[in-house]
Amino acid sequence: MSGSSGLVGSALCDRLEDRGDTVRRLVRRPPRTHQEIHWDPDRGLLDPESFAGVDAVVHLAGAGIATRRWTRSRMDLIHSSRTRGTHLISSAMAESNRAGVGPGVMVSGSAIGFYGDRTDEPLTEASARGGGFLADVCAAWEAATRTAESAGIRVVHARTGIVLSPRGGLLAKQLPLFRLGLGGPLGSGTQWMSWISLEDEVSGLCWLIDNEVTGPANLVSPTPVENAEFAASLGRAVGRPARIQTPALLPAIPFGWQLVKELMLSSAVVLPTVLLEGNFCFTGVSLDEVLKSALGLSSEI
């Protein structure tokens, strides 16, 4: 697994190990245990023999999308960190597979940014690519797996939505304001948010490893909400009013307009068609209950 130290990666490692799987982590530093594999995507270093005896590869690594302002150099890094690493893993897997000892499954990260800003249009895995920087990144990210696909490896593109966890991502950034009673809708509040609980994100990735699906799979809850509804639900979860409407230009000051436009104001009604048709069981479909559980206010989902 690459990206094993991130929010989703660390939770997925725990789940896989809990169910009896052995997880070998791709690390850039010198390995400390036999369960770590050294790789350097910037220098194109990854020994294909490292994949001998491995059943599946989960690739989640990439520079943080919403951690810094989108300068030209930052956008280049967001793009290259995904395409370069994906191509390196894909090529190493293909070579290992040709030797008859490599993994037969690659679950590669992607995002619902693939669809761009689509207002209230229902979007499934069959929907066309949208426009914008994130759509370009996701398309190139997914295309970088072609070497593995050509080698007969089953490849799945996990198009992840907004993962809800107080330990990272959007929810962690918004919590301080909402706990002070200063939260509320962003901009008009009518933009659709396609979210997923961390528990379902991890379960969904495990499901993609285990089931014979290929191509894109949307990892989102079947119950997307408008931003205003999300704000109201988060306010209820922390027991504070959430009626202060934030002007769209305010977060643009630290993050830049393009990031705000594509990440915070973009609207996408994304549906998890592949998971639903495969009878995947979501544990978190009520946003109120997911937020309460994530914040430790309820043990029930």
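The values are calculated or read from the model by the stated rules, or taken from the named source; none is laboratory data. The structure displayed is predicted, hence computed values, not measured ones. Don't worry about glycine lacking a Cβ; one is built from the backbone with ideal geometry, like all the others, and counts go over all protein chains shown.
Numerical summary
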read-out	value
Residue in the range 285-293 that is among the basic types (Lys, Arg), out of contact with any strand residue (DSSP E or B) (no Cβ under 6 Å at 6 or more places or on another chain) and over 20 Å from Cys138 (Cα atoms) present	yes
Those strands (runs of 3 or more DSSP E) lying entirely in the range 16-59 with at least 3 residues at pLDDT 95 or above, on the phi < 0 side of the Ramachandran plot and loosely packed, with under 13 Cβ neighbours inside 10 Å	none
Residues (surrounded by 20 or more Cβ atoms within 10 Å (Cβ to Cβ) and free of Cβ contacts under 8 Å to residues at least 40 places away in the same chain) located in the range 233-272	Val260
Residue within the range 88-110 that is farther than 14 Å from Ile153 by Cα, hydroxyl-bearing (Ser, Thr, Tyr) and out of contact with any Lys or Arg (no Cβ under 6 Å at 6 or more places or on another chain) present	no
Search result, residues across the range 99-109 that are farther than 15 Å from Arg146 by Cβ and either in contact (Cβ under 8 Å) with a residue 12 or more places away in the chain or part of a strand (DSSP E or B) (or both)	Ala99, Val101, Gly102, Pro103, Gly104, Val105, Val107, Gly109
Filter result for Ala11 (under 19 Å from Gly169 (Cβ atoms) and not in a helix (DSSP H, G or I))	no
2 or more residues under 15 Å from Asn218 (Cα atoms): qualifying helices (runs of 4 or more DSSP H) within the range 248-295	273-277
Residue that is assigned to a loop (DSSP other than H, G, I, E, B) and among the polar types (S, T, N, Q), where the choices are Ser4, Ser80, Ser90, Ser96	Ser4
Hits in the range 110-130 - residues which are hydroxyl-bearing (Ser, Thr, Tyr), touching a residue at least 24 places away in the same chain (Cβ under 8 Å) and assigned to a loop (DSSP other than H, G, I, E, B)	Thr119, Thr124
Per-region count, the range 45-55, residues closer than 13 Å to Leu26 by Cα and under 25 Å from the mean Cα position of the chain (by Cα)	4
Output for the range 63-74, where each listed residue is free of Cβ contacts under 8 Å to residues at least 60 places away in the same chain and within 16 Å of the chain's Cα centre (by Cα)	Ala63, Gly64, Thr67
